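A quick write-up on the structure given underneath.
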Amino acid sequence: MNAHGKKIFESFDDAVRDVEDGATIGFGGFAVVGMPINLYAALSRQGAKNLTCVSNTTRGGFTLPEGAPDMGWLISGGQVKKVIVSFTAPTRASQKLVFTEYYEKGLIEAELLPQGTLAERLRAAGCGIPAFYTPAAVGTELAEGRETRVFNGREYLLETALPLDYAFIRAYQADEFGNLRFRLSQRNFNPLMAMAARVTIVEVEEELLPVGAIPADEVHTPGIFVQRLVKIPPPPAGWWPQHPGSIAR
């Protein structure tokens, strides 16, 4: 909460000001519509170092306009120690990722997870489940030297929960308590990361609503999982996928 005991912050810079060196941060989104683009930019300005970044990929895919904030900003700024992702390769052969250059030079670590395993490790952290078994990755390099167990004649790999210090996510709507409503692919990783994090910071597309304005059966993430909210300013002060421009602060 801010100095007034409220979840609403006036700027993205204020919302990320106390992110500490060495933090583990989940970045939500599945393609550009769900990416916390303004929070990426704010953390880049803030400068926290030795971060472990958890995301579906190190970039938002080919739909992300060139030069828009993403994990590449943090990597090129020397802020990232390790990434935990489902995809390290670009979505197109012609695309070059900042991550690739740094990884090949040995400047950054990477942990590759099947997409479902990443989602389940986050969900397990949010539900208080310390570990689980999954058939994903059994018999591959990802399982070498790790514990497996046979259930009903099938081999399963042990995976542990993945708790986060912070989750940076994007939502379509929010009320003042932090109840969230997502749209399109925002519902892929954002709800799971909110559950898994000690502090969830949300950039919100629409005007913040009074408590109760979102019908209870349309709340996708309850406000109990949300600690900080920032309304995305309209263009040109804010940054929207459909309105490239300067980055909100």
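Listed values, structure above:
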| quantity | calculated |
| --- | --- |
| Some residue of segment 134-147 being of a type in the set (Gly, Ala, Ser), part of a loop (DSSP other than H, G, I, E, B) and surrounded by fewer than 16 Cβ atoms within 10 Å (Cβ to Cβ) | yes |
| Members of segment 104-127 found to be in a loop (DSSP other than H, G, I, E, B), out of contact with any helix residue (DSSP H, G or I) (no Cβ under 6 Å at 6 or more places or on another chain) and within 16 Å of Ser55 (Cβ to Cβ), listed by number | Leu113, Pro114 |
| Selection within segment 158-190 - small (Gly, Ala, Ser), touching a Phe, Trp or Tyr at 6+ places or on another chain (Cβ under 6 Å) and without any contact (Cβ under 8 Å) to a residue 60 or more places away in the chain | Ala171 |
| Any hit, segment 83-98, residues being in contact with a helix residue (DSSP H, G or I) (Cβ under 6 Å, 6 or more places away or on another chain), closer than 22 Å to Glu20 by Cβ and in contact (Cβ under 8 Å) with a residue 12 or more places away in the chain | no |
| Filtered residue count, segment 155-201, keeping only those that are more than 13 Å from the chain's Cα centre (by Cα), part of a loop (DSSP other than H, G, I, E, B) and closer than 19 Å to Ser86 by Cβ | 1 |
| Residue in segment 29-40 that is modelled with pLDDT of 95 or more, out of contact with any Leu (no Cβ under 8 Å at 6 or more places or on another chain) and of a type in the set (A, V, I, L, M) present | yes |
| Matching residues, segment 148-162, being in contact with a strand residue (DSSP E or B) (Cβ under 9 Å, 6 or more places away or on another chain) and either farther than 21 Å from Ile25 by Cα or crowded, with 18+ Cβ neighbours inside 10 Å (or both) | Thr148, Arg149, Val150, Phe151, Glu155, Tyr156, Leu157, Leu158, Glu159, Ala161, Leu162 |
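The values are calculated or read from the model by the stated rules, or taken from the named source; none is laboratory data. Bear in mind that the values here come from a model prediction, so they are computed numbers and not experimental data. A quick note on method: Cβ atoms are made from the backbone with ideal geometry, for glycine too, and the neighbour counts reach across all protein chains shown.
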